[in-house]
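Reviewing the structure listed below.
Every number here is computed from the coordinates shown, using simple stated rules; none is lab data. Quantities reported herein were computed from a predicted structural model and do not represent experimental measurements. Here the Cβ positions follow ideal geometry from the backbone for every residue, glycine too, while neighbour counts run over all protein chains shown.
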Amino acid sequence: MKVKNKHIEFNEPSITKNEYDYIKDALNNKHLSASGIFTKKCNNLFEKKLGVKKSILTSSCTHALEAASFLININPKDEVIVPSFTFVSTANAFAIRGAKPVFIDIREDTLNMDEKLLKNLITENTKAIIPVHYAGVGCEMDVILKIARENNLIVIEDNAHGLFGKYNDKYLGTFGTFSTQSFHETKNISCGEGGALFLNDENYIKRAEIIMDKGTNRKQFSKNKVDKYSWVDFGSSFRLSDLNAAFLFGQLENLKQIQKKRKVIWHKYYTLLENWALKNDVKLPVVPRNCSSSYHIFHIIMPTKSLRNKLIIWLKTNNINSVFHYTPLHNSAMSINNGWDNYNCPVSTKVSERIIRLPMFYMLKIQDVQNVTKIILDFTF
């Protein structure tokens, strides 16, 4: 009788050791809404470690992107350059305010926006560039920032994958005017659902706090700077509850061990699959020498769409959950319906059809990684 392989999920939420205690503390503090003790601890940690001017926890990375769209006064007729190969929120956060997403193709190696294509996409209506650090590997930020400066454009980093990764020895999320982070349960550091907006320009801090507080100057009121608070600007309810922040702080206290384990898993996959990939024309992740990955994703790119689909089924048959990733935005139903589909992004399309993401999470055992790779090596092309 054949022994059934152990079931291995694609992702499991990370839990270290202090999360339960801190949630209990938050309950005992009797402050569960935003701006409590744990919110302040998380923001202080980010500001100190990363050197950002201001960290504001949000209820999601999507909401952080939407807040950024308020901050730069996105209006109809504005254009925002975003990669086609990204999560929908990167474009949607600006489209809901009337902006037109201009889709740029990705590089073959890092799967980040192809900076060589940027200049040809800039028009008199372009307002911002939104680089996405795919899988936690940095975009070519020196080039992107230079182009942005030459054309008076704002750079907003979608850093959902890249927290604590580096480009030229500088943390991702510290290059643009703003950056957004994700603490969704699939991310390295998580609180179930959550995010953050990092501000690298202090001129935006006062207005950012107003936007986060539903368009009111409540923050100034809490600091006794005004005798009452009122509606003064656009905004929404973007802030994260202190209950979520308590869980997040427990994760952040164990940041080193989480990142160390993910690095070990990533390199184990790479070492075990390197020869197989070379032999079968399969592409493994590329991390340029001037980048330090956050080790968020380990992906492989198969030679064809058919082989990708067959391998996903093969892994599932052997109790291993692997998944594809984004479908390109440039030819999505939303883009077609709104006339945003006139962009040529062949690499995005090709990668989307061939990519597989392998199980990758903090509590994944090295033996599990070996089992996954063993099943892959047994796959028949």
| task | Find out how many positive minus negative residues lie around Gly36, taking Lys and Arg as positive, Asp and Glu as negative, among other residues whose Cβ is under 15 Å from that of Gly36. | result | +4
| note | One would report the antiparallel percent of DSSP beta bridges in the chain, rounded to the nearest 5, as 60 percent
| query | For the chain, what's the relative contact order in percent, using C-alpha pairs closer than 8 Å and at least 6 residues apart? | reply | 23 percent
| message | Taking 8 Å as the Cα distance limit and 6 or more residues as the minimum spacing, I'd like the relative contact order of the stretch 255-377 as a percentage. | response | 35 percent
| query | If the cut-off is 16 Å between C-alpha atoms, which lysines fall inside it for Lys225, apart from same-chain ones fewer than 8 positions away? | reply | Lys206
| said: Can you give the FRET efficiency to the nearest 0.05 for Asp378 and Asp142, using r as the Cβ-Cβ distance and R₀ = 30 Å? | reply: 0.10
| note | Net charge near Phe103 (other residues with Cβ under 13 Å of its Cβ; Lys, Arg +1; Asp, Glu -1) is -3
| message | What does the C-alpha gyration tensor say about the overall shape of the chain? Classify as rounded when a/c is under 1.5, otherwise prolate if a/b is larger than b/c, or oblate. | response | oblate
| To the nearest Å, what is the center-to-center distance of the stretch 20-34 and the stretch 238-291, using C-alpha atoms only? | 29 Å
| Cut-off 16 Å (backbone N to label point 7 Å along Cα→Cβ of Ile96), residues of the stretch 47-89 | 58-76, 87-89
| How big is the gap, in Å, between the Cα center of the stretch 330-381 and the Cα center of the stretch 146-176? | 24 Å
| task | Just add up the charged neighbours of Asp368: K/R +1, D/E -1, any other residue whose Cβ is under 13 Å from the Cβ of Asp368. | result | +3
